[in-house]
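Participant: Could you have a look at this structure, given as structure tokens, before my questions?
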Amino acid sequence: MGWFSRKITNPEETFANLLSKDKRESDKAKQDFVNNLNPGFVEFLCDKFEQIETLETRITILEIFAAAREKLGVDDLRTVLVLIKYPDTLLRETFKEILTGITEENLKAVTEFLDNSRDEGVHKTVQYGIEKSGILARILDKWNNYTLKEQILFLDEIVRLQNPKTFPIFLDILKEETVEAKKEEKRIIQVEFSKHVDKIKSPEFLDLCIRELPAIAPNMRYPVFKCLQMHGKLFFEKVFDGLGKKSEGFRQHTIKLMEQLSDPLSYPYLFPFLLDTHKSIPPTVRDTIGNIVKNFCDELEALSPEEKAKIENQEKIKFFTGPLEANLNDRFFHSIKLFTECLLRLGKQDQDVILRNFAKVFKYNEAYLKNFLKGLEPNYRKDLLIKACCYKDSEIGRTALKILGDPTENYIIETLNTLLLEHFMEVPQEIQSEIINLMMDPRLQRFVTEVLYHQDPALRSRILWILGESGSQNALAILETKLRDPDFSVRETILKILDMKHFQNSAGTELLMNFLKDTDTSIVLQTIEKLKERDHAKIIGALTRLLTSNVAEIKQSAHKAIAFVTRRKYMQGFDKMSDETRKSIGESLIKMDANFMEDITKDLAAPDQRTRVLSAKILEVLCDHIPPELKTHLIVAIQDPDPHVRAVVIMGLGKIGGPSVAGMLVAFLKDQDDRVRANAVEAMAEVGDISLAEEILPCLYDDNNRVRANTITTLWRLGYYQIYEAIIEMMRHPDKWMRASAAFALGELKDSRFFPILLQVIRDPEPDVRRNVVKALSKIAPAYSIAPYIRPLRFDPDEGVRKEVMAVLSAKPPAPK
């Protein structure tokens, strides 16, 4: 069906009819547009396409272009192709119909469009039209018949098609000519092709070139790489994939091309080739890496601080520093200088890059690092070195100190001054002591002296406090020079410093004792209080000299401190003292400290077992000095739940004596603890009498050897002598300790009537028994009378027995009374 076509005088009216619901009216308007289509109407319809978003209307407009495709000139098609950006499938399908009308006259619009588009879907749609229009086939036919001159003239157009079917032509151009006669022609067309190859954006061309890369003529590889570079990371992944397995010549040429490109995206792929065996490849790679880093840093330099701080730029810095840091080791020794220089260059933009690599950069490129620091802006350099000293990795701090340890550099003193006065407490503890050691360097002595003699006492105190906190032995030497500082606050600061834990040693105590000579009473009194808590052989002597002081307060404080120290030493070393020493010092303490005995008896009720036991032992030694009013503390302690305390207190009460004590001790003859029963029986010998024999007798058959032995001696001393059978039973007991204790008890009785009993067991199989028998015999009779009996034991198999026999035989006889 057809309609009479009229000339369109009012396009708005015709377009309105085009949108009419009356199909006849709409189709007539559509045909009018087709028949009258011109550049003006093309622009008109394209504007309507953009304005009206309904799919149906847009398809209708594209159908007009498809119906009039033979009329579309190059400008018309250029205008229409703008609309292909919309991804709707139906629109793209309609576009395919439009593009089937491509001719040589309007092809330029298509190729221009392909140059400017990277949309893969758009490319597919356009390529469909190129092939369906027949233009591609016609061009390919012509190409094969063209002369070299014609091919050169037509090369730009065929390249712009970017159709995969043209790629074999391009590959043929790229390959090296083997026929000598054709080499010149090939060279000419290659030169021309290199001017246009960058217009090819197809991923398929990328794959083809990478696959055929070894076959491409060396002189064409750079233009190809420049073309393929637009594919970004994908291109470099494909180029470097398996490159290490290629021939040396191919690797070398590829790396040279990478140097020409100097593309940041190639950067991480270059590092393995620093270890390439071909001698010329690593230097090229180093140059390439250096250029890429330099270019990036130059770009950053042009940015403002705010722009540099943006996340994307910080990520780029990490991109460049990552491979450098990962490979900063001895394996890349020949490239290490480049790595360190690149890291320092990047570190100007991100200070932490320098800080975390500071130690390694110093190790591998010390001279360059020092020159780099010299060239920095003074405040930036000072800040960098201080942060290095404070860095969480102590190795970084130690490296910074190696640099700060060279006072020949003008900036060192100022940096150390700021570090000490403002940032010292931020420095890790292990680095703090090293800073102090650094200050003790003779070359820095002048600086230390100047600071410590600064006119501001607060500053002097601060420096001394910092030195003190370091805990260094060198700190003591410095502190000693300031003990006579004219300012009270400085001396008091030193006093507090010496109270620090790490100065509570011999050296710190000796330095502290110097303050006993201070001119200020307050300082002396504080020193006395601190010294009395310490252990040092010279403390008592130093405090004793203060007893002649003209200041009553000092004299009194020294006296109390001497008593305090003596008491502490007495109680700490009590168990190691001899009985004589225990008694002597104890009696001295009673004279020095009026509260000593009361405190000791109170300690019997202390929650700590060791304290209670020690108190009981001390009171046992000093029982003769216990005032009557304090005996109640001892009596209360006899009920202590700890058997050790009960045992010692019982012995103490035995020493004190008194009628009430004996009755009290009877109850402990049945105590569950062996020591308590043994001590109770032994104490009975001191406080009991014959009337208590019946209470004591059951202990003769106790399961514990010491209880039995003590019972024998106690009963005998109380006047109860019917113990012969119990002694014989003990001497015949299968337990060696029963037999040994029986022999010991008979020796304590010193009665010659037991002589025969001891002789009966002198050949006991146990050496402990034989040894006690020899001892007992020596207590009962003189050596000359027992010699015939014990002399054979000089050859006893047990060394202890032999020694005991020789001691008895060699002993001097007692002087005649």
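The values are calculated or read from the model by the stated rules, or taken from the named source; none is laboratory data. On a predicted model such as this, the values are computed, not experimentally measured, just so you know. FYI the Cβ positions are ideal-geometry reconstructions off the backbone, even for glycines, and counts take in every protein chain you see. Surface accessibility is based on the protein's heavy atoms, side chains included, excluding ligands, DNA and RNA. Shrake-Rupley method; radii C 1.70, N 1.55, O 1.52, S 1.80 Å.
Participant: I'd like the carbon and sulfur percentage of the solvent accessible area for region 157-252, probe radius 1.4 Å, heavy atoms only, ligands and nucleic acids excluded.
Facilitator: Numbers: 2250 of 4570 Å².
Answer for region 157-252: carbon and sulfur cover 49 percent of the accessible area.
Participant: Can you tell me the FRET efficiency between PHE319 and GLU204 if r is taken as the Cβ-Cβ distance and R0 is 25 Å, rounded to the nearest 0.05? Walk me through the numbers before you get to the answer.
Facilitator: Values: r = 29 Å, r/R0 = 1.17.
About 0.30, to the nearest 0.05.
Participant: Next question, about the same structure. Per-residue accessible area for ARG484 at 1.4 Å probe radius, Å² rounded to 10?
Facilitator: Its accessible surface works out to 130 Å², give or take rounding.
Participant: For the chain, what is the charge dipole size about the Cα centre, in debye to the nearest 20, if Lys and Arg each add +1 at the Cβ and Asp and Glu each add -1 at the Cβ?
Facilitator: Around 2740 debye, computed over the chain.
Participant: For region 1-133, which whole-number percentage of the solvent-accessible area (1.4 Å probe, protein heavy atoms only) is attributable to carbon and sulfur atoms?
Facilitator: Numbers: 3390 of 7090 Å².
It is 48 percent, rounded to a whole number.
Participant: Under a point spin-label approximation (7 Å from Cα along Cα-to-Cβ), what is the SER304-GLU248 distance to one decimal in nm?
Facilitator: 5.4 nm
Participant: Quick check on region 471-510: take the gyration tensor over C-alpha atoms, sort the square-rooted eigenvalues as a ≥ b ≥ c, and tell me if it's rounded (a/c under 1.5), prolate or oblate. Write out the running numbers ahead of the final one.
Facilitator: On the way: a/c = 2.23, a/b = 1.59, b/c = 1.40.
Cα axes put region 471-510 in the prolate bin.
Participant: Could you please state how large a percent of the accessible area of region 499-581 is carbon and sulfur, counting protein chains only and using a 1.4 Å probe? Mind dumping the intermediate values first?
Facilitator: Numbers: 2290 of 4530 Å².
About 51 percent, which is the carbon plus sulfur part of the accessible surface.
Participant: While we're here: Using all Cα-Cα distances in region 183-252, what percent lands in each 5 angstrom bin from 0 up to the longest?
Facilitator: Values per bin, smallest distances first: 3, 15, 27, 25, 16, 10, 3, 0.
Participant: Quick query: amide H of LYS175 versus all other amide H atoms, modeled in the peptide plane; which residues come in under 5 Å with a sequence gap of 5 or more or a different chain?
Facilitator: Long-range HN contacts for LYS175: ALA217.
Participant: Something else about it: Rounded, prolate or oblate: which fits region 1-89, taking a ≥ b ≥ c as square roots of the Cα gyration tensor eigenvalues, rounded meaning a/c under 1.5, else prolate when a/b beats b/c? Each step should come with its number before you reach the end.
Facilitator: Numbers: a/c = 1.73, a/b = 1.25, b/c = 1.38.
It comes out oblate by the Cα gyration axes.
Participant: How large is the accessible surface per residue of the chain, computed with a 1.4 Å probe and reported in Å² as a whole number?
Facilitator: 50 Å²
Participant: Under a cut-off of 25 Å between alpha-carbon atoms, report the lysines in cross-link reach of LYS360, not counting same-chain residues fewer than 8 places apart.
Facilitator: LYS294, LYS316, LYS318, LYS337, LYS348, LYS370, LYS374, LYS382, LYS387, LYS392, LYS402
Participant: Related question: Would you calculate the separation in nanometres between label points at HIS502 and ILE188, each defined as 7 Å from the Cα along the Cα-to-beta-carbon direction?
Facilitator: For the pair HIS502/ILE188, the computed spacing is 8.6 nm.
Participant: Another question, then. Do you know the Lys pair count in region 126-207 for C-alpha distances under 14 Å, with sequence separation 8 or more or different chains? Show your work: numbers first, answer last.
Facilitator: Values: LYS132/LYS165; LYS149/LYS186; LYS175/LYS183; LYS175/LYS186.
Final tally of qualifying lysine pairs is 4.
Participant: So, R0 is 41 Å and r is the distance between the beta-carbons of LYS569 and GLU430; what FRET efficiency does that work out to, to 0.05?
Facilitator: On the way: r = 36 Å, r/R0 = 0.87.
E between LYS569 and GLU430, to the nearest 0.05, is 0.70.
Participant: Write out the trypsin sites (Lys or Arg not before Pro) in region 227-334 meeting two conditions: DSSP loop, and at most 15 other Cβ atoms within 10 Å of their Cβ.
Facilitator: On the way: sites: LYS233, LYS238, LYS245, LYS246, ARG251, LYS256, LYS279, ARG286, LYS294, LYS308, LYS310, LYS316, LYS318, ARG331; in loops: LYS246, LYS279, LYS310.
Counting only loop positions with at most 15 other Cβ atoms within 10 Å, the trypsin sites (Lys or Arg not before Pro) in region 227-334 are LYS246, LYS279, LYS310.
Participant: Further question: Calculate the FRET efficiency for GLU533 and LYS750 from the Cβ-Cβ distance with a Förster distance of 51 Å, rounded to the nearest 0.05. Numbers along the way, then the final one.
Facilitator: Values: r = 50 Å, r/R0 = 0.98.
After rounding to 0.05, the efficiency reads 0.55.
Participant: May I ask you to list the residues of region 654-691 whose amide nitrogen lies under 15 Å from a point 7 Å from Cα along the Cα→beta-carbon direction of LYS583?
Facilitator: Counting backbone N atoms under 15 Å from the label point, the list is 655-656.
Participant: Are there any GluC sites (Glu not before Pro) in region 467-567 that are in a DSSP loop and have at most 16 other Cβ atoms within 10 Å? List them by number. Don't skip to the answer; put the middle values down first.
Facilitator: Values: sites: GLU469, GLU480, GLU492, GLU510, GLU529, GLU533, GLU553; in loops: GLU533.
Of the GluC sites (Glu not before Pro), the ones in loops of region 467-567 whose Cβ has at most 16 other Cβ atoms within 10 Å are GLU533.
Participant: Right, another one. Of the GluC sites (Glu not before Pro) in region 151-256, which ones lie in a loop per DSSP and count no more than 14 other C-beta atoms within 10 Å?
Facilitator: Details: sites: GLU157, GLU176, GLU177, GLU180, GLU184, GLU185, GLU192, GLU204, GLU212, GLU237, GLU248; in loops: GLU176, GLU177, GLU212.
Answer by residue number: GLU176, GLU212.
Participant: Take ASP520 and ARG24, extend 7 Å from each Cα along the Cα→Cβ direction, and tell me the distance between the two endpoints in nm.
Facilitator: 12.0 nm
Participant: Provide ASP499, ASP624 ordered by accessible surface of protein heavy atoms (probe 1.4 Å), highest first.
Facilitator: On the way: ASP499 65, ASP624 120 Å².
Final ranking, largest accessible area leading: ASP624, ASP499.
Participant: Under 1.5 on a/c is rounded, so check that first for region 130-214, then, if it is not, pick prolate when a/b is larger than b/c and oblate when it is not; a ≥ b ≥ c are the square roots of the alpha carbon gyration tensor eigenvalues. Don't skip to the end; give the middle numbers.
Facilitator: Working: a/c = 1.82, a/b = 1.17, b/c = 1.56.
Since a/c reaches 1.5 but b/c is at least a/b, the shape of region 130-214 is classed as oblate.
Participant: Helix-derived [θ] at 222 nm for the chain: sum -39500 (n - 2.57) over DSSP H runs of at least 4, divide by residue count, nearest 500? If you can, show how the numbers build up before the last one.
Facilitator: On the way: 50 runs with 545 residues, N = 817.
Computed mean residue ellipticity for the chain: -20000 deg cm²/dmol.
Participant: Something else about it: Students sometimes get this wrong: rank PHE488, PHE668 by accessible area, probe 1.4 Å, all chains present, largest first.
Facilitator: Numbers: PHE488 75, PHE668 20 Å².
Reading off the accessible areas and sorting them downward yields PHE488, PHE668.
Participant: Also: Distance from the Cα centre of region 69-104 to that of region 341-376, in angstrom?
Facilitator: Centre-to-centre distance over Cα atoms comes out at 59 Å.
Participant: Then there's this: Suppose we look only past 53 Å in the calculated P(r) of the chain. What percent of the Cα-Cα pairs does that tail hold? Working shown, then result.
Facilitator: Values: 195426 of 333336 pairs.
Cα-Cα pairs of the chain separated by over 53 Å account for 59 percent.
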